[in-house]
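Written below as structure tokens is the structure these notes are about.
Please treat every number below as a calculation from the coordinates, not as lab data. Nothing here was measured: the structure is a model prediction, and the numbers come from that model. Don't worry about glycine lacking a Cβ; one is built from the backbone with ideal geometry, like all the others, and counts go over all protein chains shown.
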Amino acid sequence: MPAKTTGTAACYDYLVFFCVPDMIKAYLGEEAILKQARSYDLWRAANCQHVRQTLDSSHHLVIDETHGEFEERHVDPRVFAVQNGRGEATFFPGGLTRVSETRSRVTDNSSGGSCKPTWVVR
């Protein structure tokens, strides 16, 4: 069965995320221009232990639209950035945050998660 993709993702596999900078260097001979959040290969015991110890920092309060109350849900923030072709990037003051269902850690839209707009106010 082919991999399911969402949005503009050409390859949407979390295991691939941690090696994207190495792929850019190998195929393009360049360093990645945009920094990415650190990803962890969870096959390595030390990485798995670190992630399990710090996983609770990945939630936020959201309003449950069904009951009109705040509740903690796991989130996966995404930023919007545009490159100009000269190695410069503009980051927009907002983005998209994927939000899990109640009592779930899964934020993927195809697995029941939802999306909320996110604005950064200075």
request  = Considering every residue within the range 110-119, establish whether at least one is touching a residue at least 60 places away in the same chain (Cβ under 8 Å) and surrounded by 10 or more Cβ atoms within 10 Å (Cβ to Cβ).
outcome  = yes
remark   = The number of residues in the range 52-63 that are part of a helix (DSSP H, G or I) and surrounded by 12 or more Cβ atoms within 10 Å (Cβ to Cβ) is 1
query = Got a number for residues in the range 23-59 being farther than 23 Å from VAL82 by Cβ and either among the aliphatic types (A, V, I, L, M) or touching a residue at least 60 places away in the same chain (Cβ under 8 Å) (or both)?
reply = 6
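What are the residues in the range 24-50 that are part of a helix (DSSP H, G or I), among the hydrophobic types (A, V, I, L, M, F, W, C) and surrounded by 12 or more Cβ atoms within 10 Å (Cβ to Cβ), if any?
ILE24, CYS48
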query = Taking the condition free of Cβ contacts under 8 Å to residues at least 40 places away in the same chain, touching a strand residue (DSSP E or B) at 6+ places or on another chain (Cβ under 7 Å) and in a loop (DSSP other than H, G, I, E, B), does THR66 pass?
reply = no
ask   = If you go through the range 80-101 one residue at a time, how many are polar (S, T, N, Q), loosely packed, with under 12 Cβ neighbours inside 10 Å and in contact (Cβ under 8 Å) with a residue 12 or more places away in the chain?
value = 1
